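The values are calculated or read from the model by the stated rules, or taken from the named source; none is laboratory data. Predicted model only: the values in this text are computed from it and were never measured. Cβ placement follows ideal geometry from the backbone for every residue including glycine, while neighbour counts extend to all protein chains displayed.
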Amino acid sequence: MERTKIKRILSAIEFHQINEILLREINFPIEGEGIYIKHAGTHYGHVKIQIFEKTELGSSICYWHLEEEKFPKGAYREAIEKVLSFFISYLEAIRGERVNIYFEILDATFHPVDSSVGDFEIATIQAIINAFDENLYIPDHKYVYRK
């Protein structure tokens, strides 16, 4: 099976934890944060998001509040946006209707050596789960890496 398909299956399994919440009416905006770290120091990803109901037409699902110097464009941003796009598809599938939401990226940090694309995929999943249920994933801010 293709690696991307496996990751989507794993994402769906993670999001399943919040299915009941996703089926209810959601009072936007909501905010969530994900910090993925391996204590051996080989993995690091941090993402803080806010989710809004989209009131204007447009294809953009994401707005970055970070300057390129703080969080450069490239694979990590693409990984975050890919998970956000998948989540919209997941939400539409379980609700059986189109949803009009968009995300604002409030903060994101990376480690120059220890970060990878997969770390940001996991951190973004955690941020989404945290936005809908802060008890399922509680970020530990002492691990946020700042240059």
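Test Ala79 against the stated conditions and say whether it is within 13 Å of the chain's Cα centre (by Cα), surrounded by 18 or more Cβ atoms within 10 Å (Cβ to Cβ) and part of a helix (DSSP H, G or I).
Values: within 13 Å of the chain's Cα centre (by Cα): yes; surrounded by 18 or more Cβ atoms within 10 Å (Cβ to Cβ): yes; part of a helix (DSSP H, G or I): yes.
When the stated conditions are applied, Ala79 passes them.
Among residues belonging to region 130-147 that are outside any helix (DSSP H, G or I) and in contact (Cβ under 8 Å) with a residue 40 or more places away in the chain, point out the one that is surrounded by the fewest Cβ atoms within 10 Å (Cβ to Cβ).
Here is the first cut: in region 130-147, the ones outside any helix (DSSP H, G or I) are 133-140, 144-147.
Next, only the ones that are in contact (Cβ under 8 Å) with a residue 40 or more places away in the chain stay: 133-134, 136-137, 139-140, 144-145.
Working: Asp133: 14, Glu134: 14, Leu136: 13, Tyr137: 21, Pro139: 20, Asp140: 8, Val144: 15, Tyr145: 15.
Ranking the candidates gives Asp140 first.
Name the residue that is farthest from Ile30 (Cα to Cα), counting only residues in region 83-129 that are buried (at least 23 other Cβ atoms within 10 Å of the Cβ) and touching a Leu at 6+ places or on another chain (Cβ under 7 Å).
Selected residue: Ala108.
Among the residues that make up region 27-39, is at least one of them in a strand (DSSP E or B), over 25 Å from Asp114 (Cα atoms), modelled with pLDDT of 95 or more and not small (Gly, Ala, Ser)?
Restricting attention to region 27-39, the residues satisfying the condition of being in a strand (DSSP E or B) are 30-38.
From the residues that got through so far, the ones that are over 25 Å from Asp114 (Cα atoms) too are 30-31.
Narrowing the set further to residues that are modelled with pLDDT of 95 or more leaves 30-31.
Okay, now just the ones that are also not small (Gly, Ala, Ser), so 30-31.
Checking region 27-39: at least one residue is in a strand (DSSP E or B), over 25 Å from Asp114 (Cα atoms), modelled with pLDDT of 95 or more and not small (Gly, Ala, Ser).
Any residue in region 29-43 that's aromatic (Phe, Trp, Tyr): show its pairings with residues that are not in a strand (DSSP E or B) at Cβ separation under 6 Å, as long as the two are six or more apart or on different chains.
Listed pairs, sorted by first residue: Tyr36/Asp119; Tyr36/Ile122; Tyr36/Ala123.
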